[in-house]
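Right, one structure below, let's go through it.
The values are calculated or read from the model by the stated rules, or taken from the named source; none is laboratory data. All figures in this text were calculated on a predicted structure; none of them were measured in a lab. For neighbour counting, all protein chains shown are included, and Cβ atoms are generated from backbone atoms with ideal geometry for every residue, glycine included. Surface areas here come from the heavy atoms of the whole protein model, side chains and all, with no ligands, DNA or RNA. Shrake-Rupley method; radii C 1.70, N 1.55, O 1.52, S 1.80 Å.
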Amino acid sequence: VRASRPVAGVLIALVLLATPVLAGSPTKKRLQQAEARLNDVRAELTAAAGELQTAYDRFQAISASIQETELGMARTEKRITRISDALAARARMAYELGAAGTLHILLSSVSIAEFTHRAELLGAVQENDTTLVARAEVNRELLERDRARLRDLRVEQRLTIEELERRQAAIEDRFDEV
């Protein structure tokens, strides 16, 4: 029994001395390397997920801008239609009256005051027509500007979708590697 005590003491000493050696063993190093690589991959995936979210947010903002632009275009088209209808009605009336009709309106006045009043009214009608034509032109320009903006937004949206697909594929590829 006495001989077994020194052997047991030696065994305990060897185990205590061997523990630091086991900590530096190839298995422990590989485990540490794998953990470090896993942490790197996690960091990469977190960054990639953040980039993907940023691209998705951009896609959402572009989609909202497209919808807003389309609604604005619809309103502009309605204004153009109303103005065109008003101009068409005025053109019909002018055609039906003819040049003699305008002259008749002025010459059928019974007094200078009435003549002046009718001339002012005809001037106001002409000014209104000019204003309508100007409004129609402004609205057509707005519509054309919105069409160009819509084309640009759709291109940007398509590029963002491609970016989303690339980023998603990169994340999936990274998962496949792990």
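State whether the stretch 57-106 is rounded, prolate or oblate according to the following rule on the C-alpha gyration tensor (a ≥ b ≥ c being the square roots of its eigenvalues): a/c under 1.5 gives rounded; otherwise a/b larger than b/c gives prolate, and the remaining case gives oblate.
Since a/c reaches 1.5 and a/b is larger than b/c, the shape of the stretch 57-106 is classed as prolate.
Given a 1.4 Å probe, how much area per residue of the stretch 77-178 is accessible, in Å²?
Spelled out: the 1.4 Å probe surface of the stretch 77-178, per residue, equals 74 Å².
Step by step: find N for the chain, compute 2.2 N^0.38 Å, then divide the Cα radius of gyration by it. What's the final number?
Here the answer is 2.65, to two decimals.
Please work out the Kirkwood hydrodynamic radius for the stretch 23-73, using every pair of different C-alpha atoms, and report it in angstroms with one decimal place.
Computed over the stretch 23-73, the radius equals 14.2 Å.
Can you list the HN-Hα couplings for the stretch 163-169, worked out from phi with the Karplus curve (6.51, -1.76, 1.60; θ = phi - 60°), rounded to whole Hz and with x for Gly and Pro?
After applying 6.51 cos²θ - 1.76 cosθ + 1.60, I find 5, 4, 5, 5, 5, 5, 5 Hz.
Give, rounded to the nearest 20 debye, the magnitude of the charge dipole that the chain has about its Cα centre when Lys and Arg contribute +1 at Cβ and Asp and Glu contribute -1 at Cβ.
1200
Give the carbon-plus-sulfur fraction of the accessible surface of the chain in %, rounded to a whole number; probe 1.4 Å, heavy atoms of protein chains only.
Answer for the chain is 61 percent, counting heavy atoms of protein chains only.
Give the Debye-formula value of log10 I(q)/I(0) at each listed q (0.21, 0.22, 0.23, 0.24 Å⁻¹), with one equal scatterer per alpha carbon of the stretch 56-159, two decimals each.
-1.03, -1.08, -1.12, -1.16
How high is the relative contact order of the chain, given as a whole-number percent (alpha carbon pairs under 8 Å, six or more residues apart)?
That works out to 42 percent.
Give, as a single signed number, the net charge of other residues whose beta carbon lies under 10 Å from the beta carbon of Arg58, with Lys and Arg counted +1 and Asp and Glu -1.
-3
If we restrict to alpha carbons, what Rg and Dmax does the stretch 21-117 come to, in Å?
38.8, 124
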